[in-house]
Structure formats: structure tokens, C-alpha cells
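So the structure is just underneath, and the comments pick up after that.
The values are calculated or read from the model by the stated rules, or taken from the named source; none is laboratory data. Here the structure is a predicted model, which means the values were calculated and not measured. Backbone-built Cβ (ideal geometry, glycine too); neighbour counts: all protein chains shown. Just the protein is used for accessible areas: all its heavy atoms, side chains included, with ligands, DNA and RNA removed. Shrake-Rupley method; radii C 1.70, N 1.55, O 1.52, S 1.80 Å.
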Amino acid sequence: MALRRFAHENRTMSSPRNIDSNGPQSSLTPRSRPSYGLHRSPADTPSISSSVPFDWEAARSMAPPPYATPSKSRGRKSLAVGTGTPTASRKAVVRKKGIIERIRNIPSNIAFELSLFPQNIPLPTPKTSARILGGAVHVVHFFILATHDNEDGWDSISGTKRSSWFDWSTPITLLFIAFSIFNVYNLCTRTRSYKFHRRNEPLASPHAKFVVTSLDLEPLQRPTFKQRVRADLWYSFSYFWRFLFGLQPPKRTPPPKEKTSRVQELEVWEPSEMELELFGIYSPAHALLWISMGSSNWLYSVLIMVLMGLQLNALTHAFIQLLKDKQILASETMKEYNDVFVYPRVNPIRRDVAVMTHQSEVVSVWEE
């Protein structure tokens, strides 16, 4: 009602009136006064408290409101003032280096690439590298076995017999066996340590133990050269006079001790992907099978190596996938718990609600 009364009074002031009944009629237009108190849509103004003048032209022409009714499903994205006209994207100008500048930058580029060596070399994936290494070792073992079979056949034909067990293939075979044992050692000893600072009860794991760790995140500041010289001079002076008077020698000031605490440490096995794949392809068992392989049992040895490799690879990949699935389950469980219980209580969704209108929505302002 206050809005209708205000509009009616303003119309009465701006309506034509007769100055003299006998004289010519003239209209007086009052001075336009801005009206405050009406607000636009909160999404169309920089602040929900900003005021705009009353738009009489929109009220007379019954124009549609400049804002649409906001849907309930979609929330307000921004409070910035929208112009309504899309602005064209600015085309960036990229400056290209000339041939002289590129020639000058060649030494710096070479030095930069050398500083990144060997990380900048495009190496294959760990699985591919393990398969290449394992396959190459098996091929070398095959050639060694084939060479031995040919020499044994030639010796049987010529009637001679080899008396020495050490030949050119023995160092290579020992090297491959050492390589497989070294791979197994790295695979079994690759761990990562985790410290539990808030766990007092012992962990139910054979890899957990109590250790003393430092709680200072930053190292202690070392005294300066002047401080050390001053301390040594004072110690020498005090020691000299104490020695003359037959007193006990002075004690040096002990350095500040670090803050330590007794916490639990858990060593978790973290194998490398390349070492796992190489262990399934070429293990110490494969090397021993190649050594014991001969012309009479080569078929059984090859079948045993293939079956053992397939079993190890299948078991390893299945166990790794099981660990990944458990991680996914744990992460999704925590995500659902946070979405359902934690986030709605910690960060409740709030919105500004206001009753607003526009000049064009006022119907029959002057009629009562």
C-alpha cells in the first residue's frame, strides 16, 4: 500500500493542472527525485544492499522484468553485475624468437638438458623394461645351452671328452644368478617408514617398533664464529686461573639438546613395479632351471618355467589389484561419511532470501 500511495502521489504531482480557467493550459513537470529502497535481483547487483532509483518508464510501459525467476534447483553462481552482452575474447599476440636469438640460446638449452640427465631420457614403462630385461636374459641362456649342446655333439663324434667344468659360459651364468638374487633382495627390502605420534598402544604388526625421533621440524641454529671464539677465550681464561688456584677445571656449556620423543614406527613393504614384474619373469628358480636343463629334459624344464612365471605374475597382479580395491573402498567410505555427516554440520549451505519486485510488475498504479 505504501508503494501504491507513493506512486499515486507522484503521478498527481506530474499530471497536468489548470492555472487559470480562462487562460491557456500549461503543465508543470516536477523535478525528478530518485527513489531508494527497492532492490534488484541479488544476482544482478554487486551487493544486496545497493539501492536503485524507481523506473517510471518501465512501470508505464508494463515492460517485462529484467531478471528471470531463479530456479530452485540451480544455485546462484556469482554476485557480479552482468552486462548482458557477451564480450569477444581477446586474441593474444605471441612474440616469436628470431633466428639470432635461438642460436644464442643453444648453449643454455644444452646445459639445461644436461642438468636434467638422465631424467629427460624417454625410458619405457617399468613393466616394459622388466619384460625386456627378463626376455633378454632368457635368450642368452638359450644361446648358451644351444652352444653347449653343439659342443657335446661334436665331442661325441670326434671321440674327445671335456674334462673342465669351467668355461666361458660360467661367468655369464654366475652373473645372471647374482642379478636375480640382487633383484629379490631389493624387492624384499624396499620399505617405507611411518611414525605414529599419537598411538600409545602397540600396533598389531611384526614390523612395528618403538623408536626415538626428533620433534624439531627445523634444525637447531649453530652458533656463529664470533660466539664460538668468545666462548673458547672465556673457557681458556677461566681454565688458566682455576689451574693456578688449584680449583676444578670449568665445564663447557653443553649444546642445546633436540626435543625427542619415543614413538612407534611401522615399516611398510613397498615393492617397485619393475622389480615385481622382473621377479615373475626371471627369478633365481628360473636361473637354476636353466643350469639343470639338458638335451633330455629341456621340454619339462621349459614347461616348468612357463607355469611358474604365469603363476607368479597372476598372483602378483591379483594381490596388487586387491590392495588398490581396498584403498578405493576406504577412500569412498570416508568420502560418504564426510558428505553425509561431517560437511553438512561443519559447512551448512546458506543462501540469501529476499522478497523483491520490479516497477513493471506493478499493475494499475494510478487506478483505485
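One table, with the values for the structure above:
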| item | result |
| --- | --- |
| Test set (1) open to solvent by 100 Å² or more (accessible area, probe 1.4 Å); (2) part of a loop (DSSP other than H, G, I, E, B); (3) not acidic (Asp, Glu) - Phe240 fails condition number | (2) |
| Positions within region 297-306 being open to solvent by 40 Å² or more (accessible area, probe 1.4 Å), without any contact (Cβ under 8 Å) to a residue 24 or more places away in the chain and part of a helix (DSSP H, G or I), in sequence order | Leu299, Tyr300, Val302, Leu303, Ile304, Val306 |
| Selection within region 172-201 - of a type in the set (Phe, Trp, Tyr), closer than 30 Å to His138 by Cβ and open to solvent by 90 Å² or more (accessible area, probe 1.4 Å) | Phe182, Tyr185 |
| The one condition in (1) open to solvent by 90 Å² or more (accessible area, probe 1.4 Å); (2) touching a Gly at 6+ places or on another chain (Cβ under 6 Å) that Gly309 fails to fulfil | (1) |
| Only listed residue being outside any loop (DSSP other than H, G, I, E, B) and either out of contact with any Lys or Arg (no Cβ under 6 Å at 6 or more places or on another chain) or open to solvent by 70 Å² or more (accessible area, probe 1.4 Å) (or both), chosen from Ala204, Ala285 | Ala285 |
| Scan of region 189-201 for residues that are touching a residue at least 40 places away in the same chain (Cβ under 8 Å) and either more than 26 Å from the chain's Cα centre (by Cα) or in a helix (DSSP H, G or I) (or both), ordered by number | Arg199 |
| Tabulated pairs, region 283-296, first among the polar types (S, T, N, Q), second at pLDDT below 90, C-beta under 6 angstrom, 6+ apart or interchain | Ser295/Asp149 |
| Subset tally (residues that are in a loop (DSSP other than H, G, I, E, B) and either at pLDDT below 65 or open to solvent by less than 100 Å² (accessible area, probe 1.4 Å) (or both)) for region 139-171 | 8 |
| Any hit, region 222-232, residues being within 30 Å of Tyr282 (Cα to Cα) and open to solvent by less than 90 Å² (accessible area, probe 1.4 Å) | no |
| Qualifying residue in region 266-276 (condition: surrounded by fewer than 12 Cβ atoms within 10 Å (Cβ to Cβ) and modelled with pLDDT under 85) | no |
| When residues of region 243-265 are limited to those that are touching a residue at least 40 places away in the same chain (Cβ under 8 Å) and part of a loop (DSSP other than H, G, I, E, B), the one least open to solvent (accessible area, probe 1.4 Å) | Glu258 |
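A quick yes/no check of all residues on (1) under 30 Å from Glu273 (Cβ atoms); (2) at pLDDT 85 or above; (3) open to solvent by 80 Å² or more (accessible area, probe 1.4 Å):
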site: Thr69; (1), (2), (3): no, no, yes
site: Val94; (1), (2), (3): no, no, yes
site: Pro107; (1), (2), (3): no, yes, yes
site: Leu114; (1), (2), (3): yes, yes, yes
site: Gln119; (1), (2), (3): yes, no, yes
